[in-house]
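The block underneath contains the structure these notes are about, expressed in C-alpha cells.
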Amino acid sequence: MAESELATFRERWKHELKSKKEDQRLVCVASSSRHVSDNLGQRDLKDTNESNHHLTQKETSYIEDEEFVGRKKKTAVETDDQPEYVSIARSLLDGRTSPLLDRIQEERTRRKRLYQNMTDACSASLKQLRQPQKKVKKEEELVDQLIQDLNEVNDIPFFDIELPYELALKIFQYLNCAELGRCAQVSRAWRVLAEDGVLWFKLCMREGYHQSASVPDSPCWKSTLRDCRNLAKTVQSNWKNRVGSISQLQFELGKVLCDVSSCDNFVLAGYTSGDVRLWDTLHWDSTASYLKTNSLSANTNPRPHVSHVQVNSTVAAAAYEDGCVDLWSTETGGEPIHHYQSPGRIQALALSPDCPVLISAAGSDVRLDSATDCGYWRTVCQTRLPNTVESLILVPGMADQCPLAALAAGDAVYLLNPREEEPQTLHSVYGHPVTCLDASDSLVGFGVKRTGWAMHDGGNKIHVYSLETSKPAVCVGNSPGDFTCINVRDSPPHLLVCGNKDRRVRVFDLRTGSSVVSLYAHHLGVTSVQVDDWKIVSGGGEGLVCVWEMRMGTKLWEMHNRHPVRHVRFNTSTLLTANIPDDKSPRGACITDDDLTAHRRHRGVICHYDFSEDALSQDHILPICRSDYTGSYGYNYNISLAVPYDRLSGSHPSH
C-alpha cells in the first residue's frame with residue numbers, strides 16, 4: 001500500500017471515529033437528561049410522600065433499589081455501546097505494534113500493588129505479636145539463606161570453588177565411563193575432571209586391560225580404553241565366527257608327544273625321545289626354544305621318556321620316566337638351573353602359576369622345592385602320605401605367603417603346608433576314590449567316585465571345600481559317570497565347570513548348587529574343559545575340540561584331530577589345544593618291520609589359534625612369509641577355510 005493511500009485510510013478512519021464519538025456523546029447527554037428528570041421526579045415524589053406520610057418505609061427502600069438497578073443498566077449500556085476494537089484502533093493509529101502490551105503491563109502493576117498491600121497488611125498484623133516476631137524473622141532468614149545457597153549451587157558447580165582438585169577427583173573415581181561422559185558435558189571445569197588420565201587409567205585396570213602398565217605409559221588412557229574395547233569386540237566376533245590364524249607346533253624328530261603345558265605365551269612339550277621343547281608364541285624367533293637335558297639323562301641310551309611337563313612365566317619343569325626332574329629358566333633356556341633325582345617314577349608334577357615353586361610326587365613321597373630371593377633352589381618340605389599320590393596342584397595366589405598344595409591320594413584329599421609338620425586331611429571317605437582335582441585361591445574342588453550302595457544316593461559327586469575354613473562349601477552333581485576333569489581356577493566367580501565320562505559338560509552355580517549348563521559334547525567322554533564369562537571350550541577322547549556359547553548352550557564350531565585332547569587352555573585372544581596319543585610306542589611306517597621313527601599320524605599335534613589376527617585381511621602376513629626357510633614345508637590357512645588335509649600337513653615355520 002502506498003503512503004498516499006495509507007494517509008487517506010487514516011483520515012477516513014479518524015473521521016469515522018469522530019462521528020462515532022459524537023453519536024456516543026449525544027446518547028450520553030440524552031441518557032443523563034433523562035436521569036436528571038427522573039431524579040427530580042423522584043425528589044418531588046419523596047417530598048410529597050414525606051408531607052403526606054402515605055408511603056411506608058418498606059416502599060421507600062424498594063424505590064431506592066430500583067434506582068440502583070437503573071443506574072447499573074445504564075452503565076452496562078454505555079460500556080456495550082463502545083466496542084473493544086476502538087481502543088485497539090486508537091493504539092494502532094498512535095504507531096504501536098502490540099496494543100495488548102499496555103494492558104498486560106497494567107495488569108501486572110495491579111497485581112504487584114495488590115500483593116504489596118497484602119504483604120503490608122500481614123506485616124502490620126505480625127508487628128502486633130512481639131514474641132513470635134523474632135522466630136518468624138529467623139525462619140525467614142534461614143529460608144532466604146537456603147534459597148540463596150541453592151541458587152549458587154545451580155549457577156556454579158559446588159566443587160569448582162569450594163573443593164580442591166584432588167578431593168573432586170576422589171568423588172569422580174566412583175563413576176563409570178558413561179557417567180564420566182555425562183559429567184564432561186556440564187562445564188569446562190567438570191570436563192577437565194572427567195577426562196583426567198588417572199581416572200581412565202583406573203578404569204582400564206578395572207576392566208582387565210594393561211595390568212602391568214603405569215600411568216605415564218599412555219598419553220591418553222581414555223582413547224586407550226576405547227581401543228581396547230573395540231579390539232575385545234573384534235576378538236569376540238572372531239571367536240564366534242572362527243576367524244583367525246592357526247599354527248601347528250610340531251617337533252619333528254619322529255617321536256611321540258607325551259605331555260603339554262602352557263602359561264601366558266609359553267608352551268612346553270615333552271616327547272618320547274627325551275627332548276623338551278619351549279615355544280614363545282609372542283616371539284617365534286626366540287633362542288630359548290630348545291632346552292637341554294641334564295647330563296645323566298643325556299648319556300642314558302635309550303633316553304627316558306618325558307612323563308610330565310609344567311611351565312609358568314619364569315621357569316619350566318620336566319619329569320622323566322627314570323625319576324629325574326629338570327628346571328629351566330624361560331628367559332635363558334639352555335642348561336637346567338635345578339635338577340634332582342627321585343627314588344621312583346614321578347606320578348604327578350605341578351608348578352605354581354605365579355611364583356617359582358615346584359612340587360612332585362613319586363609314589364607316596366611328596367617333595368616341595370622353591371627358589372630363594374637370590375635365585376637358588378632348595379627343598380622346603382618332604383613328606384610321605386599313606387597312599388599313592390595320583391594328582392596334585394599348587395594353590396595360586398600364594399606368591400607373598402607360604403605355598404599351599406592340594407593332593408589327591410586314593411580316597412582322601414590332603415592340604416600340604418610347609419609350616420606344619422603333617423599334611424592336613426581335608427576329605428576322606430573309605431571306598432570313594434578321587435577322580436579329578438583343581439584349586440583356586442580360595443576353593444578346592446575334586447570329583448569323588450561313588451560305588452556300591454552309594455550309587456543310590458545320587459551318583460558321583462563334586463565336593464568343594466573352602467581353604468580358609470577347611471570345611472565343605474558345597475556338594476554338586478549326581479552323575480552316574482565318573483568326573484574326569486574339573487576347572488575351578490579359571491572359572492568365573494561362583495561357577496564351576498567339569499567334564500564327565502557320560503559325554504556331558506556341566507557348569508554348576510556354587511551359590512545354589514544347581515546345574516546352570518549341561519551340554520552333550522563328546523561321545524567318548526570329556527577329557528579337558530575350560531570356561532570364561534561367555535564361552536566354554538571342551539576336548540574329548542575322540543579328538544574333537546568344541547567351542548560353546550554358554551548363555552544359549554549352542555555349539556559355535558569344532559575342530560578335529562586324530563588323538564584324544566589332553567590339554568585345553570585359552571585366554572582372551574588365543575587358544576591352545578594338544579592331542580596326545582595314548583600309545584607311546586606305535587609301529588613304524590613299514591607293516592612288517594618295526595621302525596624307530598613313528599609315522600606322523602601317531603605323533604600327536606599341538607594347535608595354536610590366534611583370533612586377534614585375520615588371515616584373510618590384506619595387511620596380514622602369513623607365517624610362511626616370516627620363515628627363515630630352514631623348514632622343508634610350512635603353510636597356513638584361515639580357520640574358516642581349513643580342511644582336515646590342511647590341518648594334517650600344516651606346520652609352523654619355527655619347527
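The values are calculated or read from the model by the stated rules, or taken from the named source; none is laboratory data. Worth saying up front: this structure is predicted, and the values here are computed from it rather than measured. Because the Cβ atoms are built from the backbone with ideal geometry, glycine has one as well, and the counts that use them run over all protein chains shown. Quick note on the areas: whole protein, heavy atoms, side chains included, nothing else; ligands and nucleic acids left out. Shrake-Rupley method; radii C 1.70, N 1.55, O 1.52, S 1.80 Å.
As a fraction of the 1.4 Å probe accessible area of the stretch 188-245, surface on carbon and sulfur atoms comes out at 52 percent.
May I ask you to give the average projected area over all directions of the convex hull of the Cα atoms of the stretch 463-534, in nm² rounded to one decimal? Mind dumping the intermediate values first?
Working: hull surface 19.3 nm².
The number I arrive at for the stretch 463-534 is 4.8 nm².
Peptides 186-196, 263-273, 351-361 ranked from most to least packed give 351-361, 263-273, 186-196, packing being the mean of other C-beta atoms within 10 angstrom over each peptide's residues. Projected onto its three principal axes, the C-alpha set of the stretch 350-436 covers 46, 22, 20 Å, listed from the longest axis down.
For the listed peptides 386-398, 290-302, a ranking on the average number of other beta carbons within 10 Å per residue, highest first, reads 386-398, 290-302.
Roll a 1.4 Å probe over the protein chains and send me the accessible area per residue for the stretch 245-349 in Å². Walk me through the numbers before you get to the answer.
Numbers: 3970 Å² over 105 residues.
Here the per-residue accessible area is 38 Å².
As a fraction of the 1.4 Å probe accessible area of the stretch 352-497, surface on carbon and sulfur atoms comes out at 46 percent.
Grab the alpha carbons of the stretch 165-280, take their convex hull, and tell me the volume per residue in Å³.
Working: hull volume 17.9 nm³, N = 116.
For the stretch 165-280, the hull spanned by Cα atoms encloses 155 Å³ per residue.
In a shell of Cβ-Cβ distance under 12 Å around ASN117, excluding ASN117 itself, what net charge do Lys and Arg (+1) and Asp and Glu (-1) give? Walk me through the numbers on the way to the answer.
On the way: positive: ARG110, ARG111, LYS112, ARG113; negative: ASP120.
Its environment carries a net charge of +3.
Hey, with R₀ at 60 Å, roughly what FRET efficiency would ALA178 and ASN299 work out to, going by the Cβ-Cβ distance, to 0.05? Each step should come with its number before you reach the end.
Numbers: r = 66 Å, r/R0 = 1.10.
So the FRET efficiency works out to roughly 0.35.
Is the stretch 425-551 rounded, prolate or oblate when judged by the Cα gyration tensor, a ≥ b ≥ c being the square roots of its eigenvalues, rounded requiring a/c under 1.5 and prolate requiring a/b larger than b/c? Oblate.
Figure note: HIS567, HIS283 ranked by solvent-accessible area, largest first, 1.4 Å probe, ligands and nucleic acids not counted: HIS283, HIS567. For the stretch 467-536, the solvent-accessible area with a 1.4 angstrom probe is 45 square angstrom per residue.
Go through 409-420, 106-117, 164-175 and give me the packing order, highest mean Cβ count within 10 Å leading.
409-420, 164-175, 106-117
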